1. What number of residues within the range 289-307 satisfy the criterion of being under 23 Å from V116 (Cα atoms), touching a residue at least 40 places away in the same chain (Cβ under 8 Å) and in a strand (DSSP E or B)?
2. Find the residue count for the range 323-346, including only residues that are surrounded by fewer than 19 Cβ atoms within 10 Å (Cβ to Cβ), assigned to a helix (DSSP H, G or I) and aliphatic (A, V, I, L, M).
3. Kindly check whether there is at least one residue in the range 102-115 that is in a helix (DSSP H, G or I) and small (G, A, S).
4. Given the condition small (G, A, S), more than 22 Å from T276 (Cβ to Cβ) and buried (at least 16 other Cβ atoms within 10 Å of the Cβ), answer yes or no: does some residue in the range 164-172 qualify?
5. Quick test of your reading of the structure: V229 fulfils all but one of (1) over 26 Å from D307 (Cβ atoms); (2) of a type in the set (V, I, T); (3) surrounded by fewer than 17 Cβ atoms within 10 Å (Cβ to Cβ). Name the failing condition by number.
6. Within the range 349-369, which residues are at pLDDT 65 or above, basic (K, R) and not in a loop (DSSP other than H, G, I, E, B)?
7. Go over the candidates V376, V422 one by one and state the one that is closer than 22 Å to A69 by Cα, in contact with a His (Cβ under 7 Å, 6 or more places away or on another chain), aliphatic (A, V, I, L, M) and surrounded by 15 or more Cβ atoms within 10 Å (Cβ to Cβ).
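The values are calculated or read from the model by the stated rules, or taken from the named source; none is laboratory data. A quick note: this is a predicted structure, and the numbers were derived from the prediction, not measured. Virtual Cβ from ideal backbone geometry, glycine too; neighbours counted across all protein chains shown.
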Amino acid sequence: MPALPSPSSPPFSKATRDERVAALSERSFDLAVIGGGITGAAVARDAAMRGLSVVLLEAGDLAQGTSSASSKLVHGGLRYLEQRNFALVRESVNERERLMVLAPHLVRPAKFFFPVYRRTPRPLWMVGLGLWIYEILAMFRGPGRHRTLGRAAARDAFPGLDADGLDGGVLYWDCATDDARLVLETAMSAHESGAWVLPRLRVTGFVHERNVVAGVQATDVFKGGDVTVHARAVVNATGPWTDRILGLRRQRQRLLRPTKGSHIVLAADRLRLDATVMLRVGSTFIFAIPAQERVFIGTTDSDYDGDYDHVRATGGEVTWFLDQLNAAFPDAGLTVDDVLGTWSGLRPLLAAGDLDPRELPRDHEVRVHEDGVVTVTGGKLTTHRAMAEEVVDVLAKRFAAEGMHLGRCPTGAVRLPGAHGVLRKRGVLISAGASGEALDREAALELGADVAEHLRRTYGGRWPAVLERARSDERLALRIQPDLPYIWAEVDHAVESELACTIVDVMRRRTQLLLRARDLGASSAGDVGARMASLLGWSAVELDRQLDAFDDALAAASAWRDDPAGG
């Protein structure tokens, strides 16, 4: 029977994490999952809901790698139609619709516009036909129907766009998300279903019994001690680090060809958009994505052979983005001074010959190695739940042969924790019921309408818990930065209920201050650190270490400035 979420789960906090790390040697698990990105979290959630005892080990924070470095979209992959990968598009649009139900606060309908020029390879009628195919593959269950705009209508709707050779364009619908929080709530759901979610536990080797892997060896990043984790099965869901983890088995294999994707952040008043604009640049695309008070621009797609743990945007990439944007929006006049920050990540793409990086398949693969390790890699954020289902189905066959029957996957019908108590009405997220709507109004008056909306969009039905913290101490109701909707109560909530362990966890993944703030959060980091020190009992030495780590993250987001012309 599925293990349904338990209201009596221990707090999703570092204290719980530390207690469980200390107890690892006292028990064994059915499954150990390596990797705390979206795929690993989804595998842990699925397996725990099917009744397995599960431990998830992650070397850093949840979503610290690729899963917080995406373009923050949940989409069917319109451009994959050009590659005739209809199966991937069908799977993606179906999972998109499911995620809108499972996490309505995090997976939100968003309008997109694809301008078509006489110089582009696909005429307007063909792009329109592609949108019909896109919606047919979704069985017309998408968040909205597409609409073709002629030249005049396109210029009226997007007056800043380059009008030279513009034939028109297509308005269509996909979804936007907060990728890091989608991972967080997936991991939280796994925790509520009984999984042990243990970040900052770095896997250093495998435990073998008669040539079969029966667990892993790991190091506690916080305390430095080594632990052995016994498990009947092990899943490697480490994204770009897949080959590195497989190398710990002394059997070198190269499954991946990681590609780098970089993004830049602009203030919304420098590029005013009512929809995400999809721009064709040669044989690739970039997206200009309106995100409240900011605009996210991405992404690049190039081979990468640098340090996987320190992926940074370059000056050349930033300049390339600005060149493309200024060509597409001639009156914008964007310069490097308009770039607030950047982020970069690696796509764990399957190696496929000598294809151009932009043509590498986005499909996933589940592989069972001769020693029993199961590796899942490839894929995309949108299809994470389906990927996890396939992995656990593979494990179910193994356990069935051992007399343990798991049953079918329940994750397609069980909503994420924040989905309860909220609903979307005419495109606006509101709290359910008359009392919920009254609370929405009260919060808007107390905190500001933008803060109340931010709390609902971020925490879903869990947002009243953050509101209560703000009401308990007027200082916690204050904004962390005056022009952004984040409030101090969110720091306490992140530490005590969202497994935040470091300043960077809070500034980059529980909030997006390190992405959105004009100074990337530099002016707030000291106060955030002081608050966390009081909650977590840090010494002065530890606080200094934490602030140094934040400075490193800040430098990474601004590293391109040191070599503005660099590639």
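1. Total meeting the criteria: 3.
2. So the count comes out to 2.
3. Checked the range 102-115: no residue is in a helix (DSSP H, G or I) and small (G, A, S).
4. Start the filter on the range 164-172 by keeping residues that are small (G, A, S), which leaves 165, 168-169.
Those left that are additionally more than 22 Å from T276 (Cβ to Cβ): none.
No: the range 164-172 contains no residue that is small (G, A, S), more than 22 Å from T276 (Cβ to Cβ) and buried (at least 16 other Cβ atoms within 10 Å of the Cβ).
5. (3)
6. R367
7. Among V376, V422, only V376 is closer than 22 Å to A69 by Cα, in contact with a His (Cβ under 7 Å, 6 or more places away or on another chain), aliphatic (A, V, I, L, M) and surrounded by 15 or more Cβ atoms within 10 Å (Cβ to Cβ).
Each row is one residue, and each column tells you yes or no for (1) of a type in the set (G, A, S); (2) more than 30 Å from G461 (Cβ to Cβ); (3) outside the structural domain of L279 (by TED's automatic domain parsing); (4) surrounded by fewer than 19 Cβ atoms within 10 Å (Cβ to Cβ).
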| residue | (1), (2), (3), (4) |
| --- | --- |
| A87 | yes, yes, yes, yes |
| P121 | no, yes, no, yes |
| L129 | no, yes, no, yes |
| Y134 | no, yes, no, no |
| P143 | no, no, no, no |
